[in-house]
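To start, the structure itself, in structure tokens.
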Amino acid sequence: MISRGERVANYVILSVFAAFALYPIVVILSAALGPADSGDTSGLANFAAAWDIGHFGSYLRTSLAVSAFTVVVSVVLSIMSGYAFGTMRFRGRTALFYLFMLGIMMPSEAVAVPLYFDLRSLGLIDTFWSITLPQVAMSVAFGTFWMRAYFLTSNRAIVEAARIDGASSWRVLWQVLLPPARPAIVTLTLLVFMWTWNEFLIPLIMVTSESLRTAPLGLAFFQGQYTSGFTLLAAGSVIVATPVVIFYLFLQRHFVRGLLQGAVRE
């Protein structure tokens, strides 16, 4: 039983951490809605000005296409590989799993340069694939770990019953194990979407065409080429961050449920 003093202390601590987390957001929103440095615009007009000057429509479309492709391919591959590692026994299973884990332990900064030369030799530099394929590979590494941990804790009795009834491995995965795994899959989807949307280094190195710039990369060029003022830059930052916030708010219930279920539990 938690005493009243402990409850008050918990609320005070949480309030302090919430204030630290919300303060930068409030500052950015206040700056974005304030009068522009040039004095020509203020309020919501700042967002319209930043949108037109910074060409954020094109950048957002590219980011949405890259994120959608990366999320779909990564989640599907992660489900299948996690199912294999979590429920099947085969030769080299442990060694292959740890090979997957290198994708988590290896930062993108360490592989960006050799990856650039590999993709250049394949003629993929400055293409859609040069942005998406590296991010798919990095996301599948974590996704495999995530889904493997879920399948390791799945109900074995249901799986055995399905196999006794003659269900194939594919049917066991898609019809028996996958429906209860929705919170874990939604959590993985949201994490991969946020990581892909916020990725800066891979697009910076791999593309030079303006039409292939993602939203974070476009925001960096917007700061250097189109404006030196803080107001329009803040408005551009809000524009770039809004899709992630909307996506999280739409899936937050499943995201929290996936975390509470202990989806990464061994």
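Which pairs do you get when a residue that is in contact (Cβ under 8 Å) with a residue 24 or more places away in the chain, found in segment 92-118, comes within reach of a residue that is in a helix (DSSP H, G or I) and open to solvent by 50 Å² or more (accessible area, probe 1.4 Å), reach meaning Cβ atoms under 7 angstrom, with the pair 6+ apart or on two chains?
Cβ pairs passing all conditions: 101/145; 103/137; 103/138; 104/145; 108/138; 112/205; 116/205.
Can you find a residue that is open to solvent by 20 Å² or more (accessible area, probe 1.4 Å), modelled with pLDDT of 85 or more and either of a type in the set (Val, Ile, Thr) or assigned to a helix (DSSP H, G or I) (or both) anywhere in segment 82-91?
yes
Considering every residue within segment 123-134, establish whether at least one is assigned to a helix (DSSP H, G or I), open to solvent by less than 10 Å² (accessible area, probe 1.4 Å) and either out of contact with any helix residue (DSSP H, G or I) (no Cβ under 7 Å at 6 or more places or on another chain) or of a type in the set (A, V, I, L, M, F, W, C) (or both).
Yes, because at least one residue in segment 123-134 is assigned to a helix (DSSP H, G or I), open to solvent by less than 10 Å² (accessible area, probe 1.4 Å) and either out of contact with any helix residue (DSSP H, G or I) (no Cβ under 7 Å at 6 or more places or on another chain) or of a type in the set (A, V, I, L, M, F, W, C) (or both).
Give 141, 167, 149, 181 a once-over and let me know the one that is touching a Lys or Arg at 6+ places or on another chain (Cβ under 8 Å), over 30 Å from residue 54 (Cα atoms) and surrounded by 15 or more Cβ atoms within 10 Å (Cβ to Cβ).
Answer to the check: 149.
Can you name every one of the helices (runs of 4 or more DSSP H) wholly within segment 176-266 that holds 2 or more residues which are over 25 Å from residue 145 (Cβ atoms) and at pLDDT 85 or above?
The qualifying helices (runs of 4 or more DSSP H) are 201-206, 215-221, 230-260.
The values are calculated or read from the model by the stated rules, or taken from the named source; none is laboratory data. Remember, predicted model here, so these are calculated numbers, not experimental data. Please note: Cβ atoms are built from the backbone with ideal geometry, for glycine as well, and neighbour counts cover all protein chains shown. Accessible surface areas use protein heavy atoms only, side chains included; no ligands, DNA or RNA. Shrake-Rupley method; radii C 1.70, N 1.55, O 1.52, S 1.80 Å.
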